[in-house]
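As structure tokens, the structure follows; a few thoughts come after it.
The values are calculated or read from the model by the stated rules, or taken from the named source; none is laboratory data. From a predicted model like this one, the values you see are computed outputs, not experimental measurements. Cβ sites come from the backbone with ideal geometry, for glycine too, and all protein chains shown count toward neighbours. These area figures cover heavy atoms from the full protein model, side chains too; ligands, DNA and RNA do not enter into them. Shrake-Rupley method; radii C 1.70, N 1.55, O 1.52, S 1.80 Å.
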Amino acid sequence: MVGLLVLASLVMITVYFRESPNGTLHGFQSAGSTALRPFEVAANRIARPFHDAYNWTADVFHAKQENEQLKEENARLRQQVVLAATGAQEAAALQKLLKLKRASAYQDYAKTAVTAEVLSNPVGQFDQTIVIAAGSSSGIRVHDAVVTKRGLVGQVTKVLHDTALVTLLTDKESNVTAKDHQTTAIGVVRHSQGPEDLLFLDRVLKNKRVNEGDTVITAGQMSGHRLSSFYPRNIPIGRVTRVGQTDVDPFQDVQVMPFVDFSSLQYVVVLASHKPRPQMP
Amino acid sequence: MIAPAAKAAALFFFVTILQVTIVSEIGILGGSPDLVLVTLVAVALTQGSIFGAVAGFWAGLLLDVARLGTLGFTSLLLTLAGFWIGRYGETTGRDRAHAPLLSVAVVTVLYAVGSLVMHFLLREPAPARVVLIEELPGTIALNLLLTFPVFALVRRLFAAPAPPPEVEFVG
């Protein structure tokens, strides 16, 4: 009996790996996932007040420290607002001059973006994925970027009929081509291998400037550039918290604190699109 | 046999939903509790090896479906865990007071190691340091905290009905 169950498990693993995403086992998983969805949604709704209370308590402990940081940031931002206003006037004039139409990050997805509830959260640092309550029936495809109002969450890595698997930025396999919004230094955002949700901006050459407090955003697909990406450009990722370098490493050591709190995702927006995918180099 | 099997099926369905939606979000000391694993240990220890293996297979299948993971991956690990704990219960452990705590601690470690090995064999990322050093101590502690309430619940759920009172003829 036990042998049969072990054999059945091994056969399932083998078939699942070898078959196409439209295969029998994927179909079974899709149907099962659809059947489980109402229960997961109900459990999430019931647990949400308790979860929010837990998060609120945890947040209180960090609030004081965050308050000090925010005061400093507020002062800095006030200066930047003045500069930005001037910059915006200049930009508007230049746009008129060049007749250049530049859309913001999410504007291209206004009609096709899908809002989805998060059904299951990451199991641990080992498996940094979430399951969302929307799939191919909503127009979601593999490699679609997933965001919240705070910034980038990750990308869709598996799509079933009514559910999809999203690999978070904190996953070991996640790589996002990004740039420093202030200095335009380009690099790749990866997880920092530590216990926290810290990221680091890798592959930033030492001759490029990156400052603490700078905002890191997605660089998008850059034609001809060696660091290309599926992610649309200008999606906020996080803030630079530490910049360092060593003699042996050709790149800078840039630590980034993500804007998104990956531990309490409730709803996400999938930037679905009907356009053909960009070709990776 | 059918009634306990139906109870176990329903129990693991409920526990899996709880695990993926609520329990996995609880992160303390770097780890998060594994309610499915603790429940499986409780069921296997009280119901035996075959029951434990089948329950493990079912629980693994539900988890793989709910998390959109590789089908069969968790089933394989939990089938073996259920069978092994069931055998321990049948042979030596069932009546010992420390058996639940010992079983949960050992199975948590073996499950983490087995999971790492499986990921490695499937050529998926298998960060041993993260799993064994950063996550495992917290997960063991949280699983041990869950052990007694879960065992009490499982014992109550699978308790055999009380035998009818014996009739004594007098005179």
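Here are the numbers for the structure shown:
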item	result
Per residue accessible area of chain A, 1.4 Å probe, in Å²	56
Loop-exposed GluC sites (Glu not before Pro) per DSSP, neighbour cap 11 Cβ within 10 angstrom, longest uninterrupted part of chain B	B:1-165
Most mobile listed residue (B:Ala160, B:Ala81, B:Ala105) in chain B, GNM with C-alpha springs under 10 Å	B:Ala160
Degrees separating the helix A:24-98 axis from the principal Cα axis of chain A, which is the longest one	10
Given A:Lys71/A:Lys172; A:Lys179/A:Lys275; A:Lys172/A:Lys275; A:Lys172/B:Lys7; A:Lys208/A:Lys275, the pairs whose alpha carbons are separated by over 31 Å	A:Lys71/A:Lys172; A:Lys172/B:Lys7; A:Lys208/A:Lys275
Distant-in-sequence amide H partners of A:Ser120 (H built 1.01 Å from N, under 5 Å)	A:Val131
Cβ charges +1 (Lys, Arg) and -1 (Asp, Glu), total dipole of chain A, debye	1140
Amide hydrogen neighbours beyond the local backbone of A:Gln245, cut-off 5 Å, H modeled	A:Asp253
Within the stretch B:32-114, trypsin sites (Lys or Arg not before Pro) in DSSP loop having at most 14 other beta-carbon neighbours inside 10 Å	B:Arg94, B:Arg96
Efficiency of FRET from Cβ geometry, B:Val109 and A:Ala85, R₀ 45 Å, rounded to 0.05	0.15
Amide H contacts of A:Ala178 (H built 1.01 Å from N, under 5 Å, at least 5 apart or other chain)	A:Gly187, A:Val188, A:Val189, A:Ala219
Cβ-defined net charge surrounding B:Leu77, 15 Å radius [Lys, Arg +1; Asp, Glu -1]	-3
Cα-based helix-to-principal-axis angle, B:35-47 vs chain B, degrees rounded to 10	30
Cα-based shape type of the stretch B:4-157, given that a ≥ b ≥ c are square roots of the gyration tensor eigenvalues and the cut on a/c is 1.5	rounded
Of A:Leu77, A:Leu168, A:Leu271, the one that fluctuates the most in a GNM where chain A has Cα springs shorter than 10 Å	A:Leu77
Choice from B:Gly72, B:Gly82, B:Gly60 with maximal GNM fluctuation in chain B (Cα, 10 Å cutoff)	B:Gly72
Whole-percent carbon and sulfur share, accessible surface of chain A, 1.4 Å	57
Accessible area buried between chains A and B, both sides summed, probe 1.4 Å, in Å² to nearest 100	3700
Shape of the stretch A:44-100, Cα gyration tensor, a/c cut at 1.5	oblate
10 Å Cβ neighbours from other chains, averaged over peptide A:11-17	5
Residue mean of other protein chain beta carbons inside 10 Å, B:70-81	5
Helix axis angle, A:2-18 relative to chain A longest principal axis, alpha carbon, degrees	50
Ratio Rg/Rh [Cα only; Rh per Kirkwood] for chain A	1.01
